[in-house]
Amino acid sequence: MTHATDIDARYALAKRVAQEAARRGMGYYQQRDDLIVEHKGGHRQDVVSMADRALEDYIRAELLAAFPDDGFLGEESGSIDLDARCLWVIDPIDGTACFVNGLHNWCVSIGMLLDGVPHIGAIADPNHNELFHGVRGQGAFVNDRPLRASEATHVREGLLGVGTFYARGTEHFIPFLTRLLGEGGMFLRNGSGALMTAYVAAGRLLGYYETLLKSWDCAAGLVLVAEAGGRSNNFLRGDGLLHGNPYLVACPGVYDQVAEMIGPMLDGDQVTPLQ
């Protein structure tokens with residue numbers, strides 16, 4: 001059985017490594033004109049730089065040196081021991097397209113699943129000196145301030161984060177935006193799923209919907225949303241861990257309204273909080 005002290009040690013490690021990786025990432029960011037950048041899968045918004053690989057190597061080495069029996073899933077380097085009770089799921093730079101183009105919407109995301117459930121999350125944003133972090137059952141914070149989802153009850157009361165994956169889901173995206181605008185809602189796409197999820201937990205966004213998201217973009221953020229009183233769809237159902245799924249997180253007062261706008265794209269997810 002994993003003892004509380006082990007969780008505490010992993011939590012402390014996640015925060016430390018996320019912040020150090022973000023610090024190192026800022027060094028690359030300030031010299032981004034010298035980076036080698038590749039476009040993945042034929043989609044210009046899906047890029048990888050030498051910084052992604054260097055930071056993932058650092059994060060992976062630190063986590064597994066401290067806890068060699070844990071599993072690991074990273075966007076760039078693949079997986080080790082996916083059946084481990086404690087599984088780290090990380091994105092070394094979430095928002096790489098923003099990173100390489102000089103925009104400030106990128107972060108380091110480190111999440112840990114315990115028995116398949118998101119349990120620890122740390123999201124480091126060095127451009128704004130913010131560390132979003134939390135543990136299941138212990139609350140969630142930005143730096144030292146507790147996170148709390150918005151108390152809004154209608155989409156017209158704030159901004160909704162949105163995104164789409166070009167290879168799948170675009171046919172559902174424009175109808176969704178039409179419904180959102182028809183209800184008086186406004187939307188934001190900042191290029192980082194991890195940051196938009198953290199902003200939902202912080203009450204800065206009412207919610208965040210993506211037609212297809214990968215687990216390394218949201219494993220950390222799902223902990224924050226749950227601990228901040230928000231709601232999420234059943235993202236990890238089926239092969240969601242490895243291949244992703246449609247994704248919705250939102251404050252309680254607008255979740256059902258947004259889920260109805262999305263309709264069948266959520267594939268019959270149970271509309272329940274992450275417990």
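Bear in mind these aren't lab numbers, they're just calculated from the coordinates by the rules spelled out. From a predicted model like this one, the values you see are computed outputs, not experimental measurements. Here the Cβ is made from the backbone with ideal geometry for all residues, glycine too, and neighbour counts use every protein chain on show.
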Quiz prompt | Euclidean distance between Cα centres, region 81-130 to region 188-216, Å | solution = 12
Practice problem: Taking amide H positions as placed in the peptide plane 1.01 Å from N, state which residues far from G230 in sequence (5 or more) or on other chains have amide H under 5 Å from it. | Solution: A149
Practice problem: Calculate for the chain the 222 nm mean residue ellipticity that helices alone would give, adding -39,500 (n - 2.57) per DSSP H run of length 4 or more and normalising by residue count, nearest 500 deg cm²/dmol. | Solution: -10500 deg cm²/dmol
Quiz item: Counting only residues 5 or more places away or on other chains, whose amide H sits under 5 Å from the amide H of T164 once H atoms are built in the peptide plane?
Solution: T211
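Return the equivalent ellipsoid semi-axes of region 102-187 as a descending list in whole Å, where each equals the square root of 5 times an eigenvalue of the C-alpha gyration tensor. Don't skip to the end; give the middle numbers.
Numbers: eigenvalues 156, 63, 51 Å².
Over the Cα atoms of region 102-187, the semi-axes work out to 28, 18, 16 Å.
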Exercise. Pop out the Kirkwood hydrodynamic radius of the chain from its pairwise C-alpha distances, inverse of mean 1/r, in Å to one decimal.
Key: 18.4
Exercise. Quick one: what are the phi-derived ³J(HN,Hα) couplings along region 189-199, Karplus 6.51/-1.76/1.60 with θ = phi - 60°, whole Hz, x for glycine and proline?
Key: 10, 9, x, 10, x, 5, 5, 5, 5, 4, 5
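Could you calculate the FRET efficiency of R23 with A61 from 1/(1 + (r/R0)^6), where r is the beta carbon distance between them and R0 is 25 Å, rounded to 0.05? Walk me through the numbers on the way to the answer.
Working: r = 16 Å, r/R0 = 0.64.
Here the calculated transfer efficiency is 0.95.
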Quiz item: Where the eigenvalues come from the Cα gyration tensor of region 155-266, what are the semi-axes √(5λ) of the equivalent ellipsoid, largest first, in whole Å?
Solution: 19, 17, 12
Self-check item: region 77-150: translational diffusion in µm²/s, Stokes-Einstein, Kirkwood Rh over Cα pairs, 37 °C, 0.692 mPa s
Solution: 241
Practice problem: Pop out the ³J(HN,Hα) list for region 107-121 in order, Karplus 6.51 cos²θ - 1.76 cosθ + 1.60 with θ = phi - 60°, rounded to Hz; leave Gly and Pro as x. | Solution: 7, 10, 10, 10, x, 9, 9, 10, 6, x, 10, x, 10, 10, x
Exercise. At 0.36 nm per residue, minus the direct Cα-Cα distance, what do E151 and H243 gain on full extension? Give it in nm, one decimal, please.
Key: 29.9 nm
Quiz item: Do you know the relative contact order of region 155-266, to the nearest whole percent, from alpha carbon pairs under 8 angstrom that are 6+ apart?
Solution: 29
Exercise. Determine the relative contact order of the chain: mean sequence separation of Cα pairs under 8 Å and six or more apart, normalised by residue count, in whole percent.
Key: 16
Exercise. Going by C-beta contacts inside 10 Å, put M261, M186 in order with the fewest on the left.
Key: M186, M261
Practice problem: Calculate how many DSSP beta bridges within the chain are antiparallel, expressed in % of all such bridges and rounded to the nearest 5. | Solution: 80
Quiz item: What ranking do D6, D144, D217 get, fewest neighbouring Cβ atoms within 10 angstrom at the top?
Solution: D144, D6, D217
Quiz item: What length, rounded to one decimal in nm, is gained on full extension from R189 through to L35, with 0.36 nm per residue of separation minus their alpha-carbon distance?
Solution: 53.0 nm
